[in-house]
């Protein structure tokens, strides 16, 4: 489940360090489900499902559930292996204010990729 | 203590190209057929260090790799602060031709990657008799831009970090971590606005698809080699390019991205060696 993003990111001291300038909420869209991911100084502090129409984030990254499932395979197939490979193929879409995303692009790619299947995982994103 | 030096030697020379003097850094190793290697946009000739150090290649080829002006250890020209860097088709062709002339290369093979894989098409069309063969790594004749180049050069975004983060999408997931990050390190070290200036050629000025059918591959054989995971010069775009260049030979390299020679040198070698053998047997 998406909660494991928080556990895995916060357990990765180097990743948190690289994101130390990041304090914001962004929206991750998985199919029809929108999640608001709150970050303070590189640590994920909250992940919650969007429940109000006014709930939003500084920017959003959206793809279908099937596409994220491919992105999160241990070795993803081509076109699904990176958000910036998914964008030109229109598999993923980004919107909003992009400055923070671009200033910390590898960090955001890496925290999302933390959902990638690891040894011992079940396939239950 | 004995130092185990790597076999390539690096030197500087001054190149006059288009009336402008450039201090150029160049590395070479081996002897035989000249094999001139052209690095990708926003990087430098370090990408070819494994080719330069491989005796299976340098036993038959004089491998040469230089940093374009503004890249790596080659300087920008005097007065560079007065203008933004922007690579053009004509400027790029001129530099390569002038390097070939300065080194007095006879019947060289040119192996370029990405934008280097594009410019070889231009060179093959214009001077097929001079070149022995072209190897276009990740080189389609036309690409569609998919992000705003302004992100690459602005004060509120670190140029090195964003360049590496953009191109990390073009490294195959199974490429060895050591080489993935070495490849990205080169991007982290690019000068301000240089990657953006290269992409002006690669995305905007260098389209070649209308002229591809005019290339005479009997006079100058062309080999197109692209990685499965390249999301810029995709396998589909490479195959489309090959269909326009009659007589070209195309290889899709499984498990490789946009930087075959630097992201996975061992796997790349398995694809490259048969092609180099074929090229070595082409009469000069």
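Would you work out if the stretch B:157-284 is rounded, prolate or oblate? Take a ≥ b ≥ c from the square roots of the eigenvalues of the alpha-carbon gyration tensor; rounded if a/c is under 1.5, else prolate when a/b is larger than b/c, oblate otherwise. Since a/c reaches 1.5 but b/c is at least a/b, the shape of the stretch B:157-284 is classed as oblate.
Please state the relative contact order of chain B as a whole percent: Cα pairs under 8 Å, 6+ residues apart? Relative CO of chain B lands at 19 percent.
Based only on other Cβ atoms within 10 Å, what is the fewest-to-most ordering of B:126, B:178?
Fewest-to-most ranking of B:126, B:178: B:178, B:126.
Here the gap between residue B:94 and residue B:21, fully extended at 0.36 nm per residue and compared with their Cα-Cα distance, gives a gain of 25.0 nm. With both residues required to sit in the stretch B:9-280, DSSP beta bridges show an antiparallel share near 40%.
In chain B, helical runs assigned H by DSSP with n ≥ 4 each contribute -39500 (n - 2.57); averaged across all residues and rounded to the nearest 500, the mean residue ellipticity at 222 nm is -9000 deg cm²/dmol.
Taking each residue as 0.36 nm, the span from residue B:149 to residue B:281 lengthens on full extension beyond its C-alpha to C-alpha distance by 43.3 nm. Pairs of C-alpha atoms in chain B farther apart than 35 Å represent 10 percent of all such pairs. Fewest-first ordering of B:125, A:105, B:35 by other beta carbons within 10 Å of each residue's beta carbon gives B:125, A:105, B:35. Annotation: the residues B:28, B:150, sorted from fewest to most other C-beta atoms within 10 Å of their own C-beta, follow the order B:150, B:28.
The numbers here are math on the coordinates, done by the rules we state, and not lab data. Because the structure is a prediction, the values reported are computed rather than measured. Glycine also receives a Cβ, built like all others from the backbone with ideal geometry; neighbour counts cover every protein chain displayed.
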